[in-house]
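The values are calculated or read from the model by the stated rules, or taken from the named source; none is laboratory data. Just so it is clear, the structure is predicted and the values come from calculations on it, not from any experiment. Cβ: placed from backbone, ideal geometry, glycine included. Neighbour counts: every protein chain shown. To get the accessible areas, we keep the full protein, side chains included, count just its heavy atoms, and leave off ligands, DNA and RNA. Shrake-Rupley method; radii C 1.70, N 1.55, O 1.52, S 1.80 Å.
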Amino acid sequence: MKHIAVAIDGPSGAGKSTIARAVAQSLGLIYVDTGAMYRTIGLHVSRAGIQPGEPDKVSELIQSADAPAVSLTYVEGEQHVLLNGEDVSGLIRTPEMSRYASFVSAVPEVRAFLLNTQRDLAKTTSVIMDGRDIGTVILPDADVKIYLTAAPEARARRRCDELLEKGQDVTYEQILADQLRRDEADMTRAEAPLRQAEDAVLVDTSELTLEQSIEAVGAIVRRVME
Ligand code: DC
């Protein structure tokens, strides 16, 4: 199989990770969730007692001897993320860590810290990598670029259902408000803001079922693999 790199970017809740994971599995590619890396740094920062709104302390920490080691490992095909060797895959999926991830992701030193790890992953294996700046900054020469989005209400509904299913105590209104705040922050930050790359294909999943979304993205990737 020829080496291939697929970049999927878009706002939170558009279905990026679910769709990318399914397409990667069906086509034999490795799925890389870069949001999990930012969440992991967010967890490290919160454990260090740093509050959102203290970016200087984050850049200091990232450049110090206490910088976290963030690595990915795959268990039965599923990505797990390790923070200094500890599997934190479950701990990073909370609204608090969503806020921390968005906060730390605007710190230039954090982005620089993860850039090479992400690029190296795509060099050695064929990947579907999802995030916010994969097509624009991390893999500007990706074979396929997709910008996956959906209406804010549809995205909040899905994220809410997902968290309720996990037993978390959340409301739709809370999730929508959080998400709009996070989208705004991700799109307006100075460093690598979320935007559609010029050569990215736009896929809007507002009116699509999950199966239809997987099919739409899978068809775009297959065309390039043939
Ligand atoms: O995809 P996610 O919700 O797990 O991402 C968490 C946060 O990390 C999100 O607010 C944006 C940020 N992020 C980023 O800035 N760049 C990426 N490549 C991936 C995520």
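Quick notes on this structure:
- With the helix formula -39500 (n - 2.57) applied to DSSP H stretches of n ≥ 4, the chain reaches a computed 222 nm mean residue ellipticity of -15500 deg cm²/dmol.
- Maximal additional length on extending the Thr171-Ala69 stretch stands at 33.3 nm, based on 0.36 nm per residue less the C-alpha distance.
- Cα-based equivalent ellipsoid of segment 35-87: semi-axis lengths in Å, sorted from largest, via gyration tensor: 23, 11, 8
- Solvent-accessible area, 1.4 Å probe, carbon plus sulfur percent, for the chain: 51
- With Cα atoms as the point set, segment 80-143 shows a radius of gyration and Dmax of 13.0, 35 Å.
- 3J(HN,Hα) along segment 185-190, derived from phi through the Karplus expression 6.51 cos²θ - 1.76 cosθ + 1.60 where θ = phi - 60°, amounts to 5, 5, 8, 10, 5, 5 Hz, with x in place of Gly and Pro.
- Mean projection of the Cα convex hull over all viewing directions, computed for segment 1-56: 5.5 nm².
- Pairwise Cα inverse-distance average, inverted: Kirkwood Rh of segment 112-192 (Å): 14.9
- Two-decimal ratio, segment 26-135, of alpha-carbon radius of gyration to 2.2 N^0.38 Å: 1.04
- The distance linking segment 150-226 with segment 1-72 is 16 Å (Cα centroid to Cα centroid, whole angstrom).
- In sequence order, segment 196-213 has phi-based couplings of 6, 5, 4, 9, 8, 8, 8, 10, 9, 9, 3, 9, 9, 6, 4, 4, 5, 5 Hz under the Karplus curve 6.51 cos²θ - 1.76 cosθ + 1.60, θ = phi - 60°, and Gly or Pro positions carry x.
- Within segment 92-166, the trypsin sites (Lys or Arg not before Pro) that combine a DSSP coil assignment with at most 16 other C-beta atoms in a 10 angstrom radius are Arg93, Lys166.
- In units of the rule-of-thumb radius 2.2 N^0.38 Å, segment 171-222 shows an alpha carbon radius of gyration of 1.46.
- Note on the chain: Cα-Cα pairs beyond 34 Å make up 9% of the total pair count.
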